[in-house]
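Visitor: One structure coming up, written as structure tokens, with questions to follow.
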Amino acid sequence: MAKVCQITGRKRMKGNNVAHSKLRTKRDFSLNLKHKRFWSEEEQRFVTLKLTCKGMRIIEKNGLEATLREAQKKGLINLV
């Protein structure tokens with residue numbers, strides 16, 4: 001599976017390393033992805049997500065169920 005946050009939809013970015021001589025070489029800006037298990041009271045089971053720390057803060061703010069519904073509307077995750 002790709003390095004994509006399942007809540008925010010963020011992907012890794014491409015950019016340049018810039019040396020002191022202004023020589024540029026390609027590099028990747030990686031995400032701070034974590035595999036995290038959340039307990040779903042509604043479904044009475046654990047839900048495992050691959051998300052960034054910003055995604056964790058969004059879940060903390062809005063709640064797990066509302067955030068999962070919003071991510072499903074955006075097409076980021078597929079709930080079974």
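Visitor: Please name which of Leu76, Met56, His20 has its Cα lying farthest along the dipole of the chain towards the positive end, using unit charges on Cβ (Lys, Arg +1; Asp, Glu -1) and the Cα centre as origin.
Guide: It is His20.
Visitor: Please give the helix 64-74 orientation as an angle from the longest Cα principal axis of the chain, in degrees from 0 to 90, rounded to the nearest 10.
Guide: It is inclined by approximately 60 degrees.
Visitor: List the residues whose amide H sits under 5 Å from the amide H of Ile7, counting only those 5 or more places along or on another chain, with H placed 1.01 Å from N in the peptide plane.
Guide: For Ile7, whose amide H was placed from the backbone, the distant partners under 5 Å are Thr52.
Visitor: Figure the gain on full extension for Ser30 and Lys14 (residue separation times 0.36 nm, minus the Cα-Cα span) and round it to one decimal in nm.
Guide: Net length gain for the segment: 4.9 nm.
Visitor: Could you report the accessible area of Val18 in Å², rounded to 10, computed with a 1.4 Å probe on the protein chains as they sit in the structure?
Guide: About 90 Å², rounded to the nearest 10.
Visitor: A further question follows. Let's test this: bin the Cα-Cα distances of the chain at 10 Å from zero up to the farthest pair and state each bin's percent.
Guide: Calculated P(r), rounded to whole percents: 17, 43, 20, 12, 6, 1.
Visitor: If you plug each phi of the stretch 16-28 into the Karplus form 6.51 cos²θ - 1.76 cosθ + 1.60 with θ = phi - 60°, what whole-Hz ³J(HN,Hα) values come out, in order, with x for Gly and Pro?
Guide: 10, 7, 10, 7, 4, 7, 6, 6, 10, 10, 5, 8, 10
Visitor: Determine, from the Cβ-Cβ distance of Ser40 and Lys74 and an R0 of 25 Å, the FRET efficiency 1/(1 + (r/R0)^6), rounded to the nearest 0.05.
Guide: It comes out at approximately 0.85.
Visitor: I would also like to ask the following. Ordering Glu60, Glu42 from largest to smallest accessible area (1.4 angstrom probe), what's the sequence?
Guide: Of Glu60, Glu42, the descending order of accessible area is Glu60, Glu42.
Visitor: By how many degrees, 0 to 90 and rounded to 10, does the Cα axis of helix 53-62 deviate from the longest principal axis of the chain?
Guide: 30
The values are calculated or read from the model by the stated rules, or taken from the named source; none is laboratory data. Owing to the predicted nature of the structure, the values given are computational and were not obtained by experimental measurement. We place every Cβ from the backbone using ideal geometry, glycine too, and count neighbours over all the protein chains shown. In case anyone asks, the SASA skips ligands and DNA or RNA and just uses the protein heavy atoms, side chains included. Shrake-Rupley method; radii C 1.70, N 1.55, O 1.52, S 1.80 Å.
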